[in-house]
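Below you'll find the structure, written out as C-alpha cells, and then a few comments.
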Amino acid sequence: MSLPKISTKATLNLKPRKKKRQNTGLAPGSLIFTGQKKLEEAQVMLVEYSIDGEVTEQRAEGKIPDSDGQAMVRWYDVRGLHDVGLVEQLGQRFGVHPLALEDILDTQQRPKFEDYENGLFLILKALSYDEEKQRVQTEQVAIFAGDGFVLSFQENETDLFPGVRERIHSGRAKIRKRKADYLAYALADNIVDQYYLLLDRIDLILDDLEEEILANANRNSKSKIHNLRLQTITLRKTIAPLRDAIGAFSRVDSPLMSEGTDVFVRDLYDHVVQIMENIDTIRDMMNGLYDLYLSEISFKMNSIMQVLTIISTIFIPLTFLAGIYGMNFEHMPELSWEYGYYYLWGVMIMISGALIYYFRRRNWL
C-alpha cells in the first residue's frame, strides 16, 4: 500500500522549548503532573473480557468506572493525566507503587521497565508526525500490568489502541485466551508498530528532499535537512532506551508473566532493534543528503566561476588590443590607415570566435 506524498515545507520553529521539571527537590514518590493539561476532564475507559464471556466497555469522566469483578482481565485506559487525584485513586485501588505513579505523571520520563512485586511497569513513547509543523510529536504512555488487570495512561484523548480493541471484541483473537501480561504486550506492540509508519513517512520526505536538492539546491533545502536531523535525534533519544526496556521486559522472572508470553515479548524486542537499525540508516542517509547538498552548491559555484573565467579569458586579449591603440602617442603605426578601425574590430572578432570555438571543443561551454 503506497503512502501519500508528504510535503517538505521548511519551518522556523524546528525545536520546541523544553519545560523545566516541576518536581525538582521533592521527596521520592511525590505526585506532581509535569505536562500540560490537554483535556477538560480526564477520561477512563474500562474494558472487561474473558475467554468465553462477553466484552463490556464503560466510559466515565473524572471517576473510575465500577467493575463487576467477573471478567478475567480488566483494562483501565486513562486519558488525561492532569487529574492527579484520579491517578492516585486508581493507583491505590490496584496497589501501584508510588514511584510508578510518580513516573506516570512525569511526562518527561524516559522509556523504562520496572518489575514490581504486584505488577509489571512499562513506559514508552507514542510517536506521530505533524505534517503542518514538520516535527515528530511524542506522547508518553505508561502501562501497569497486574494480576487480572492492566492500567494504561496517556496525555491526549486520541485512541492509540483501536487495533487492540478490535482484537478483544473478536472471539477468535489470541488476546482473549491470555492473561493481563499478554494485553500489556499487545499495547506495547501496537505503539511500536506505529514507529514503522513514521519511518516510512520520513523515508518519503528524504526521497522528495533528494529530488529537490538535485533539481535546485538552496538555503531552504539546508533548513529542511537540519530539521530532519533534529527529528532523527528525537527518534533515537526515544527508541534507544526503549530497546533496553523491552529487553528487560523479555527477561523478567515474575509470576505475573504467563508461559509463552515471553516469546512474543522477545519478538517485540527484535522489532525495536530493527527500528533502531532503520534509524541509523536514516541518519546515514541524512549525512549523505548533506554531502549531496554541499556538492550541488559547490558544483553551481564552480559553474558560475567557469563562466566568469571564460568571459574574462575572452576579454583579456581584447582589452590588450584596446589598451595599445588607446595610448596617446603622436607617432604610432596603423593610426593613419584608412580602414584601421575596421581591421582592429575584425581581429577582435576573430580572436573571440577562436577562443569560443576552442572552449566548446574542450567542453568548457
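Quick notes on this one:
- Scanning region 113-140 for residues being crowded, with 18+ Cβ neighbours inside 10 Å, touching a residue at least 60 places away in the same chain (Cβ under 8 Å) and of a type in the set (D, E, K, R) gives a total of 2.
- Some residue of region 172-182 being in a helix (DSSP H, G or I) and within 30 Å of Gln36 (Cβ to Cβ): no
- Scanning region 82-114 for residues that are in contact with a Gly (Cβ under 6 Å, 6 or more places away or on another chain) and modelled with pLDDT under 90 turns up just one, Thr107.
- In region 79-99, the residue that is nearest to Phe153 (Cα to Cα) out of those that are part of a helix (DSSP H, G or I) and open to solvent by less than 40 Å² (accessible area, probe 1.4 Å) is Val87.
- Meets criteria (of a type outside the set (A, V, I, L, M, F, W, C), surrounded by fewer than 20 Cβ atoms within 10 Å (Cβ to Cβ) and under 25 Å from Arg176 (Cα atoms)) for Asp280: no
- Test: residue in region 161-171 that is under 22 Å from Lys237 (Cα atoms) and surrounded by fewer than 21 Cβ atoms within 10 Å (Cβ to Cβ): no
- The lone criterion from (1) in a loop (DSSP other than H, G, I, E, B); (2) open to solvent by 30 Å² or more (accessible area, probe 1.4 Å); (3) touching a residue at least 60 places away in the same chain (Cβ under 8 Å) left unmet by Glu102 is number (1).
- Flag if Lys125 is under 30 Å from Lys224 (Cα atoms) and outside any strand (DSSP E or B): no
- The sole residue among Ile310, Ile297 that is open to solvent by less than 40 Å² (accessible area, probe 1.4 Å) and assigned to a helix (DSSP H, G or I) is Ile310.
- Scanning region 316-343 for residues that are open to solvent by less than 50 Å² (accessible area, probe 1.4 Å), farther than 21 Å from Met305 by Cα and modelled with pLDDT of 85 or more turns up Leu321, Gly323.
- Odd one out for Val252, checked against (1) more than 26 Å from Arg167 (Cα to Cα); (2) surrounded by fewer than 18 Cβ atoms within 10 Å (Cβ to Cβ): (1)
- Search result, residues across region 186-200 that are open to solvent by 20 Å² or more (accessible area, probe 1.4 Å) and hydroxyl-bearing (Ser, Thr, Tyr): Tyr196
- Scanning region 201-223 for any residue that is part of a loop (DSSP other than H, G, I, E, B) and either open to solvent by 10 Å² or more (accessible area, probe 1.4 Å) or polar (S, T, N, Q) (or both) turns up at least one such residue.
- Being under 30 Å from Leu209 (Cβ atoms), open to solvent by less than 40 Å² (accessible area, probe 1.4 Å) and in a helix (DSSP H, G or I) is true of Val272.
- Count - residues of region 141-160 that are open to solvent by less than 10 Å² (accessible area, probe 1.4 Å) and over 12 Å from Val44 (Cα atoms): 7
- Of all residue pairs spaced 6 or more apart or on separate chains, those with beta-carbon atoms under 7 Å, a first member in region 272-287 that is within 19 Å of Ile191 (Cβ to Cβ) and a second member that is of a type in the set (Gly, Ala, Ser) and part of a helix (DSSP H, G or I) are Met276/Ala240.
- The condition of being among the charged types (D, E, K, R), open to solvent by 30 Å² or more (accessible area, probe 1.4 Å), modelled with pLDDT under 90 and in contact with a His (Cβ under 6 Å, 6 or more places away or on another chain) holds for only one of Lys37, Lys15, Lys19, Lys9, that being Lys37.
- Residue within region 347-358 that is open to solvent by less than 100 Å² (accessible area, probe 1.4 Å) and in contact (Cβ under 8 Å) with a residue 40 or more places away in the chain present: yes
The values are calculated or read from the model by the stated rules, or taken from the named source; none is laboratory data. This structure is a prediction, so every number in the text was calculated from the model and none was measured. Cβ sites come from the backbone with ideal geometry, for glycine too, and all protein chains shown count toward neighbours. Note: accessible area is taken over every heavy atom of the protein model, side chains too, but ligands, DNA and RNA are not part of it. Shrake-Rupley method; radii C 1.70, N 1.55, O 1.52, S 1.80 Å.
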